[in-house]
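The values are calculated or read from the model by the stated rules, or taken from the named source; none is laboratory data. Remember, it's a predicted structure, so these values are computed and weren't measured experimentally. Ideal geometry is used to build each Cβ from the backbone, glycine not excepted, and the neighbour counts take in all protein chains shown.
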């Protein structure tokens, strides 16, 4: 069954971009947070050139998100930050879901006028739950992906293909339990 989030283009009428933080916007390289490939151009294009707010939404704590964005030198390009303390809700089984409705309300933007960019099935679930278009990008293990493809679009990346790749990897080397 295909996962929600097969979009590869940011719509031309978008008024708000929401983006996951860790492994989507930034990655850990040699024990330091760094921007993903092409993210500087992506943020400058949408925030500075087109004046479209870009907000980070993460299920991590506020201090960690702010320090990671600062270390990666992208904090100054982010319009707002939503985090575990102000934008997540508990689900069954101890899982958390990002509250994408909160930035929409704060910016007075309809779900259809925004897009959420993330890297996980939980991100896709949050977007689907809140009615936002969703672009699933590969995690930082895919060094070939660049956010610049989302400026010009369409990206050659297809989220279904990546999902199959990750599932195959998991089947070969599942994380130990306990």
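The residues of region 88-97 that are within 15 Å of the chain's Cα centre (by Cα) and closer than 30 Å to residue 30 by Cβ amount to a single one, 88. Evaluation of residue 42 against the conditions (1) surrounded by 20 or more Cβ atoms within 10 Å (Cβ to Cβ); (2) over 17 Å from residue 148 (Cβ atoms) shows that the sole unmet condition is (2).
So is residue 17 touching a helix residue (DSSP H, G or I) at 6+ places or on another chain (Cβ under 8 Å), surrounded by 15 or more Cβ atoms within 10 Å (Cβ to Cβ) and in contact (Cβ under 8 Å) with a residue 60 or more places away in the chain or not?
Working: touching a helix residue (DSSP H, G or I) at 6+ places or on another chain (Cβ under 8 Å): yes; surrounded by 15 or more Cβ atoms within 10 Å (Cβ to Cβ): yes; in contact (Cβ under 8 Å) with a residue 60 or more places away in the chain: yes.
Spelling it out, residue 17 is indeed touching a helix residue (DSSP H, G or I) at 6+ places or on another chain (Cβ under 8 Å), surrounded by 15 or more Cβ atoms within 10 Å (Cβ to Cβ) and in contact (Cβ under 8 Å) with a residue 60 or more places away in the chain.
Summed over region 67-91, residues that are closer than 20 Å to residue 38 by Cα and without any contact (Cβ under 8 Å) to a residue 24 or more places away in the chain total 3.
Of the residues in region 32-54, at least one is modelled with pLDDT of 95 or more, touching a helix residue (DSSP H, G or I) at 6+ places or on another chain (Cβ under 7 Å) and part of a loop (DSSP other than H, G, I, E, B).
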